[in-house]
Structure formats: structure tokens, C-alpha cells
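Student: Got a structure here, written out as C-alpha cells. Questions coming.
The values are calculated or read from the model by the stated rules, or taken from the named source; none is laboratory data. Bear in mind that the values here come from a model prediction, so they are computed numbers and not experimental data. FYI the Cβ positions are ideal-geometry reconstructions off the backbone, even for glycines, and counts take in every protein chain you see. The area values use the complete protein model at the heavy-atom level, side chains included, leaving out ligands, DNA and RNA. Shrake-Rupley method; radii C 1.70, N 1.55, O 1.52, S 1.80 Å.
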Amino acid sequence: MDKQYMIIDGIEVTIEGERNVLELARKAGIDIPAFCYDPELSIYGACRMCMVENERGSLEASCSMLPKAGAVIKTNTAKLRKYRKMILELLLANHCRDCTICPKSGNCKLQEFAYKFNITDVRFPNNSCQLGSQDKSSVSIVRDSSKCILCGKCVRMCAEVQNVGAIDYAYRGSKKKIATAFDGPIANSPCVGCGQCAAVCPVGAIVVKDDADKVWDAIGDKNTYVDVQVAPAVRVALGKELGLEEGTPLMGKLVTALKEVGFDAVYDTSFGADMTVLEEANEFVGRLSGNGKLPMFTSCCPAWIRFAENKYPEFLSNISTCRSPMQMFAPVLKEAYKGDKKHVHVAIMPCTAKKFEGKRDEFKDKDGNPYVDYVLTTQEVIRMIKEAGIDFKALEDSACDNPFEEITGAGVIFGVTGGVTEAVLRYASSDKSEKALEEITYTGVRGFEGVKEATVKIGDKDVKIAVVSGLNNTSVLLDKIKSGDVYYDLVEVMSCPGGCVNGGGQPQAEREARHYRADGLYKADGVEVKKSSEQNTAVVKLLASMDEHKKHEILHVHYKGNK
Amino acid sequence: MENKIDFSVLDQAIIEYGNQEKSLIAILQRAQEVYRYLPKEIFPYLAEKLNLSEAKIFGVATFYENFSLEKKGKYVVKVCDGTACHVRKSIPILEALRKELNLSEVKKTTDDLMFTVETVSCLGACSSAPAVMVNNEIYPTMTPDTAVALIRSLKENN
């Protein structure tokens, strides 16, 4: 068949199965403005910013318009400009415009469009900033209904991608808002804290809860020793915000920056990840030989744990009892500090749900103090670096502190979907040659598909593995496992689509960015000489020094569930 | 809550309309009819049965004026305030009813849960304006006096 074209702003654009005219135009390099459209969510058509004009002069929303061969449209006409300006003016009339003190300032679509469309005056009165519009009940996110433009991305993300459905539209007309059931605090809802709503919110209506002030206070107190661990996915998500390329692995510079910020010691959570690999692999081998339930689910992702507690409590005993790398490493660091100052331990994570994990009762010492005192997200630490006036680009690389500076590539790739599995497979593989390790990458564990499957020989047994990211994908898989349609021995679950590189605490980015970030992690893995967790001699030595009781106490956890 | 919620009402409605998302409104209507409001307890129950989130059901329940999250009276008195009724003086009827029952714009239901007084935008009975509807019955060409008399007779009948 001949190629089919659509003529957009005089450009012939080939139709290649695009979902809508908006995507087609973007392919041609025409950036049609939109608030409510997201390529990975269902089409909602609410904001009307993406309207285009056809030959007859009538307007249609390009997000909900199918590409049609021969059709001629324009995306920037006097009429469209007038309409878009009107839409913006109306949104701005109903939006709390305290931009200078808004956490989203500089990264807000409404701010960006108001500037681009030259809105310098709003004709309508505005009394949107109101006390009580904020919901600060969650430890992960802060919601502010006075900033909401009702684009509904959060609702679709929560329901379609995560199958959580904590929030939805409520009420009607001018009273319409995004609300939990009975409009209660989000902390009392089924919210798992994944922060994906904040990751898609175009304005400041849902943002990551900021705990940086508490960390600054600890750093500023000379009687307090503050050390920090940095998760794998953080190092590849800093670049763009700090003047470098998206996806570049920047752990070396980050260590220097954190020292300049004032942390006494900096560690890499990859060390904890190596501990997790060894413990979890042992547990898995145990389960394979009849010691515990199969399939075994990975346990690193706190939003997944919460999701299982809420919706699939019957699978709780299938989840590995291994703590997450953050929570394995933290008690080790707490014990290692022998100084006489007060010890505050901070973790920098790509993840808003880790803030919740940090506060769980399961991760407190005998005196009720949390092993991780504060969890900061990548977003918060970027702001701290900027606040400290550090020229990040110009920094030299530094190494992490002794005695936990040794890491492996296996620990680094924990931050991307399939990474945990690949790390376990590297450990389980008896052949550590480059070729053998490369073959593991071809088993199908890499890539951004929501569900990946692989069958791997461990010893003389064929082990069936599934790697899933996104909680809706997870739900579908769990239902199939429950009904007996599929069988797996090991299932890796990450709540955020694509894994931690795309976590709710990472700087907001276009969808392509996660590919750069994942590539960055594989690049960082590439430069590590040691590829497999058992090659981490410090980890092996540490684990060997613990007896079973000790291991049980600080490396494992039994979630009690919340019902 | 004085009574325990009888979920069999919902089970019956689910059997009739099917346990699917599109049956939600019909099921909620049945619940509203039987309980005279949508009790909080039915939200998790329906969420589970219909595989919907509670937030979604709450959204539907708050979208439609006809659903109420608060218990309504035995007699729901709807004073039509559509254009036809309005120009034929429906507001004095509303005021007379509120005065008679000690109700207001905010307080819509009497403490004994006998009467709820609310306005509707059009009952579709414009030829009988001004009209009042009590439960499912239309009372045509009302005046403040006949409306109050109606309420009193309903009280006596109880």
C-alpha cells in the first residue's frame, strides 16, 4: 500500500500507526501544547490545549483525533492562539498562583505555557489560595487542591498503571476536585506512596514531600555525625537538573557534592544491594529445595510491599524475607559508627515510598529509633546541592568511604527493572566469563516491557522467572498465578514502570529519559570490574561475620500486614 | 448508625444488574432507594464486588445530585425551581416548607428523619407549575398554604 500522509502546518507527515494527531504532529517536530495528555495513559481530552484547526475552520482536540490520510490541519492559527490563551486565563483564574514559593516553580507546565503564550494579565478575580487546601498526611507526597487543574493524569496513573485507585474525581462543576474516597486524608487511603502521581502532575498539585530541612539541621549540628547512603538509580537522574546530560552516571561527582554539602561520610546502597543478592539468592535456593513458598517475590520495593499488604495479603508469605538494600545497609552503618556523637543516617533514594519504608515499625531498633533517620529523594538532594551553591559540573570525582566502598556491577543495576534478577543470575551462574555474563543479558531480563519472562538453568533445574514493573502489570500477573494459568519460581516486582530509574522521587522527565537513565546504569555496571555480588569481598566478609541470629535480626523482615 | 446495613439489598441488585462497572449507577440507585442514602459501609463492599476503587464510587456518588451520603427523611419533598415553577412563585413554597419543618438551605432533613426538603431544577411537570414532588408523587399547582397542608396531612398519617 502507498504511504499515507496527513498535512500538518503544510508539512506532509507519514502516518505510521500513530495513536492520534497529537503524536503525529510531535513526530513532525511540532510541539502541540497539552496538559492532560500522556502517551502512556488513556486519552481524556479535558484540557483542550491541544486543539487544532481543520480546513473548514472548525476545531478538534488532537489528542482524541485519529490520523486521517489526506486531512489538512493547522496547529497554530489566530483562532487557536485566542482559544488557548482563554483556556490558560481561565485556569489561572482558578489556580493558586503563589509561584515564587511553590515547590514546582520552574518545572510547572502552567507556568511554562503562561509564559509561552504571553499571558501577562488575567481578567478574572482569583481567590484560589486557601488555607486547608493542602493534604500533608502522607509521608511521601503533598497534595494541594488549590493548584490542581483537573487534568486527571494522577487519577489515570493511579488507576490504570498502578491499579491502586486511591484518588478519583469527586463532586461536580465548580466543586469538582481530585479526592480520595470520602475526601479523607491520602494517608488513610489505599495509596502505596509510589509517587507516580507526582511524577506526572504538570503543576504543583502533587509534589514530593520535602524533608531536606531536617537533614540540613542535622548537618548543621556539630554534635551530630551524619552519614548517607545513595541508591543506584539516583546517580543517573541528576544530570539534566545539574547542567549535564540526562542519564550520565555521576556517582563520583555526587560523592564530592555530598561531602561539600556537609555529610560526614557517603556510602553506596549498591553495597547493600550486594548483601541483598547474596541473602536473597540463598533464600531462593532454600525455597527451591522445599524450604518455603514459591514463587518467591522480590522484596526491595516498598510500594509493592504495601500494595501486597492492601490487595494481595495471601501472597505476603511468598515475598522474600530479605530486607531492601537500604534497610540491610542501614543497621550495618549504625553499628559501624563508633564515635560518640549522635548518629543520623540519611538515605538518598529515587523513591517516595522509601520515605514510608524508613518509618515502618519493622525497621526500628530496640529503642524504637529508625535505622534510617531520613529518606531524601533525588529531587530534594538536587535542591540541596543547588542551595549550597555547588558548581556540580566542575566537581572532581570522589570515592565512597571506607570500609564499605567496595561495590559490584550487580548492585548498581538494581535500579532498573530486571536488574535484581540479573544480579541474582550472575551470582547463580557458575561461569563468570564475560561471555557468560553477556548471555544473561539476552535471557530477556533487560528492557522496558511491563512483563518479561525468562527460563534459566540453575544447577540442573529449569527456573522460571518473571520480571514485572508497574503495579497493574503486577496485579494481572498475580491473578494469573492465583488461577494457575502461569507458574514461576521467582518474580521480580518493581512498582514504578521501568523500575527505580523512573521512581516517583526522581526529577520529572519525559518518557525517553528513563531509557537514558537505564542505559546510564548499565554503563556504570560496565565500568565495574567486579560484576557479581559474591566478588564483593567486603560484603562476603561482613556476612560471614554474622551468625544466623544476627542475620535474622538485621537482614530479614516479616511484614505483619496492615489488616 | 442505628441499623446494621443489610448487604443482601446490594447482592440482589448486583444479581439483577450484573457485577460490572456499568451497573454501578443502577446499583447505587437501588441502595439510595432502600437505605434512603448511601451508607459509608457500602463503598468498600461494592468496591470489592465490582472491582472498582472506593474513590471511583465516591466520585460517582458525589457527581449526581440524586445520591446522598447523608440519610434522607422518609418523605423527600422536592420543590421544583425550574424556570416555569420559579416564575410561578416556587420560592415562597420552599420558604413556607422550610419554616414549617424548621429546615434551611444547610439543614435539609428533620431530626426525626421524617422530611427532607430540597429543590430540583426541573421535574418535567411544567404545565402543573409550581410543582412539588413527594417521594415519587407529583403535587401540581401548589401554593405555600397547600404545601404546608400537605406536610401536615403526611404527619398525621404517621
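Student: Can you pull out the residues in region A:336-360 that are more than 20 Å from the chain's Cα centre (by Cα) and either closer than 26 Å to A:Ala257 by Cβ or in contact (Cβ under 8 Å) with a residue 40 or more places away in the chain (or both)?
Tutor: Matches in region A:336-360: A:Ala336, A:Tyr337, A:Gly339, A:Lys341, A:Lys342, A:His343, A:Val344, A:His345.
Student: In addition: For region A:8-18, give me each residue that is in contact (Cβ under 8 Å) with a residue 24 or more places away in the chain and closer than 13 Å to A:Gly29 by Cα.
Tutor: Taking region A:8-18 first, the residues in contact (Cβ under 8 Å) with a residue 24 or more places away in the chain are A:8-9, A:15, A:18.
Within region A:8-18, A:Ile8, A:Asp9 qualify.
Student: Also, quick follow-up: Taking region B:115-141 on its own, how many of its residues are open to solvent by 20 Å² or more (accessible area, probe 1.4 Å) and in contact with a helix residue (DSSP H, G or I) (Cβ under 7 Å, 6 or more places away or on another chain)?
Tutor: Matching residues across region B:115-141 total 6.
Residues checked against (1) assigned by TED's automatic domain parsing to the domain that holds A:Ser128; (2) β-branched (Val, Ile, Thr):
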{"residue": "A:Glu60", "(1), (2)": "no, no"}
{"residue": "A:Met65", "(1), (2)": "no, no"}
{"residue": "A:Ala71", "(1), (2)": "no, no"}
{"residue": "A:Lys82", "(1), (2)": "no, no"}
{"residue": "A:Leu92", "(1), (2)": "yes, no"}
{"residue": "A:Cys96", "(1), (2)": "yes, no"}
{"residue": "A:Thr100", "(1), (2)": "yes, yes"}
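Student: Give me the residue from region B:1-56 that is within 14 Å of chain A (Cβ to nearest Cβ) and farther than 20 Å from A:Tyr171 by Cα and, out of that set, most open to solvent (accessible area, probe 1.4 Å).
Tutor: In this case the residue turns out to be B:Glu48.
Student: I've got another one for you. From B:Val34, B:Val79, grab the single residue that is under 18 Å from the mean Cα position of the chain (by Cα) and not in a helix (DSSP H, G or I).
Tutor: Criteria check complete, one pass: B:Val79.
Student: Going by what's in this entry, would B:Leu97 be described as open to solvent by less than 90 Å² (accessible area, probe 1.4 Å), more than 23 Å from B:Leu69 (Cα to Cα) and outside the structural domain of B:Gln32 (by TED's automatic domain parsing)? I'd like the intermediate steps shown before the answer.
Tutor: On the way: open to solvent by less than 90 Å² (accessible area, probe 1.4 Å): yes; more than 23 Å from B:Leu69 (Cα to Cα): no; outside the structural domain of B:Gln32 (by TED's automatic domain parsing): yes.
No; evaluated as a whole, the condition is false for this residue.
Student: Now for a different question. State whether the residues of region A:107-121 include one that is of a type outside the set (Gly, Ala, Ser) and touching a strand residue (DSSP E or B) at 6+ places or on another chain (Cβ under 9 Å).
Tutor: Here is the first cut: in region A:107-121, the residues of a type outside the set (Gly, Ala, Ser) are A:107-113, A:115-121.
Those left that are additionally touching a strand residue (DSSP E or B) at 6+ places or on another chain (Cβ under 9 Å): none.
No, every residue in region A:107-121 fails to be of a type outside the set (Gly, Ala, Ser) and touching a strand residue (DSSP E or B) at 6+ places or on another chain (Cβ under 9 Å).
Student: If you don't mind, another one. Looking at B:Tyr64, B:Tyr75, can you tell me which residue is closer than 28 Å to B:Ala13 by Cβ, within 14 Å of chain A (Cβ to nearest Cβ) and either out of contact with any Asp or Glu (no Cβ under 8 Å at 6 or more places or on another chain) or surrounded by 14 or more Cβ atoms within 10 Å (Cβ to Cβ) (or both)? Write out each step before concluding.
Tutor: Values: B:Tyr75 fails: within 14 Å of chain A (Cβ to nearest Cβ).
That would be B:Tyr64, the only listed residue that is closer than 28 Å to B:Ala13 by Cβ, within 14 Å of chain A (Cβ to nearest Cβ) and either out of contact with any Asp or Glu (no Cβ under 8 Å at 6 or more places or on another chain) or surrounded by 14 or more Cβ atoms within 10 Å (Cβ to Cβ) (or both).
Student: Quick test for you: out of A:Ser137, A:Ser133, pick the one residue that is within 21 Å of the chain's Cα centre (by Cα), more than 29 Å from A:Asp31 (Cβ to Cβ) and not aromatic (Phe, Trp, Tyr).
Tutor: Details: A:Ser133 fails: within 21 Å of the chain's Cα centre (by Cα).
From the options A:Ser137, A:Ser133, the qualifying one is A:Ser137.
Student: Something else about it: Just to be sure before I move on: is A:Val155 within 22 Å of the chain's Cα centre (by Cα), assigned to a loop (DSSP other than H, G, I, E, B) and closer than 23 Å to A:Ile43 by Cβ in the structure I sent? First the steps, then the outcome.
Tutor: Values: within 22 Å of the chain's Cα centre (by Cα): yes; assigned to a loop (DSSP other than H, G, I, E, B): no; closer than 23 Å to A:Ile43 by Cβ: yes.
Spelling it out, it is not the case that A:Val155 is within 22 Å of the chain's Cα centre (by Cα), assigned to a loop (DSSP other than H, G, I, E, B) and closer than 23 Å to A:Ile43 by Cβ.
Student: Looking at (1) at pLDDT 95 or above; (2) among the polar types (S, T, N, Q); (3) over 23 Å from A:Glu309 (Cβ atoms); (4) open to solvent by 40 Å² or more (accessible area, probe 1.4 Å), can you tell me which one A:Gln130 breaks?
Tutor: (1)
Student: Contact list please: Cβ distance under 7 Å, first residue in region A:269-294 and open to solvent by 20 Å² or more (accessible area, probe 1.4 Å), second residue among the basic types (Lys, Arg), pairs at least six apart or on different chains.
Tutor: A:Leu288/A:Lys461; A:Lys293/A:Arg287; A:Leu294/A:Arg287
Student: Do we find that A:Gly505 is outside any helix (DSSP H, G or I), closer than 19 Å to A:Val467 by Cα and touching a helix residue (DSSP H, G or I) at 6+ places or on another chain (Cβ under 8 Å) in this structure?
Tutor: Values: outside any helix (DSSP H, G or I): yes; closer than 19 Å to A:Val467 by Cα: no; touching a helix residue (DSSP H, G or I) at 6+ places or on another chain (Cβ under 8 Å): yes.
When the stated conditions are applied, A:Gly505 does not pass them.
Student: Of everything in region A:196-245, what is among the acidic types (Asp, Glu) and open to solvent by 30 Å² or more (accessible area, probe 1.4 Å)? Give them in sequence order.
Tutor: First, the residues of region A:196-245 that are among the acidic types (Asp, Glu): A:210-211, A:213, A:217, A:221, A:227, A:241, A:245.
Result: A:Asp210, A:Asp213, A:Asp217, A:Asp221, A:Glu241, A:Glu245.
Student: Filter region A:488-543 for residues that are crowded, with 24+ Cβ neighbours inside 10 Å and basic (Lys, Arg) and give the result.
Tutor: The answer is A:Arg514, A:Arg517.
Student: Could you pull out the residue among A:Asn188, A:Asn163 that is within 25 Å of A:Arg360 (Cα to Cα), open to solvent by 60 Å² or more (accessible area, probe 1.4 Å) and within 14 Å of another protein chain (Cβ to nearest Cβ)?
Tutor: Going through A:Asn188, A:Asn163 in turn, just one is within 25 Å of A:Arg360 (Cα to Cα), open to solvent by 60 Å² or more (accessible area, probe 1.4 Å) and within 14 Å of another protein chain (Cβ to nearest Cβ): A:Asn188.
Student: Within region A:166-174, is there a residue that is within 10 Å of another protein chain (Cβ to nearest Cβ) and of a type in the set (D, E, K, R)?
Tutor: Initially, region A:166-174 is screened for residues within 10 Å of another protein chain (Cβ to nearest Cβ), giving A:166-173.
Narrowing the set further to residues that are of a type in the set (D, E, K, R) leaves A:168, A:172.
The answer is yes, given that some residue of region A:166-174 is within 10 Å of another protein chain (Cβ to nearest Cβ) and of a type in the set (D, E, K, R).
Student: So how many residues does region A:138-157 have that are open to solvent by 20 Å² or more (accessible area, probe 1.4 Å) and either aromatic (Phe, Trp, Tyr) or facing chain B (nearest Cβ under 10 Å) (or both)?
Tutor: Here the count works out to 0.
Student: Among the listed residues A:Val203, A:Val228, A:Val215, which satisfies the condition of being away from chain B (no Cβ under 14 Å), β-branched (Val, Ile, Thr), part of a helix (DSSP H, G or I) and within 22 Å of the chain's Cα centre (by Cα)? Let's see the steps before the verdict.
Tutor: Details: A:Val203 fails: part of a helix (DSSP H, G or I); A:Val228 fails: part of a helix (DSSP H, G or I).
None of the other options fit; the residue is A:Val215.
Student: May I ask you to say which residue of A:Gly368, A:Gly418, A:Gly389, A:Gly447 is among the small types (Gly, Ala, Ser) and either in contact with a Pro (Cβ under 6 Å, 6 or more places away or on another chain) or buried (at least 24 other Cβ atoms within 10 Å of the Cβ) (or both)?
Tutor: On the way: A:Gly368 fails: either in contact with a Pro (Cβ under 6 Å, 6 or more places away or on another chain) or buried (at least 24 other Cβ atoms within 10 Å of the Cβ) (or both); A:Gly389 fails: either in contact with a Pro (Cβ under 6 Å, 6 or more places away or on another chain) or buried (at least 24 other Cβ atoms within 10 Å of the Cβ) (or both); A:Gly447 fails: either in contact with a Pro (Cβ under 6 Å, 6 or more places away or on another chain) or buried (at least 24 other Cβ atoms within 10 Å of the Cβ) (or both).
From the options A:Gly368, A:Gly418, A:Gly389, A:Gly447, the qualifying one is A:Gly418.
Student: With out of contact with any Phe, Trp or Tyr (no Cβ under 9 Å at 6 or more places or on another chain) and within 14 Å of chain B (Cβ to nearest Cβ) as the only criterion, which of A:Asp121, A:Asp98, A:Asp135 stands out? Show your work before the answer.
Tutor: Numbers: A:Asp121 fails: within 14 Å of chain B (Cβ to nearest Cβ); A:Asp98 fails: within 14 Å of chain B (Cβ to nearest Cβ).
None of the other options fit; the residue is A:Asp135.
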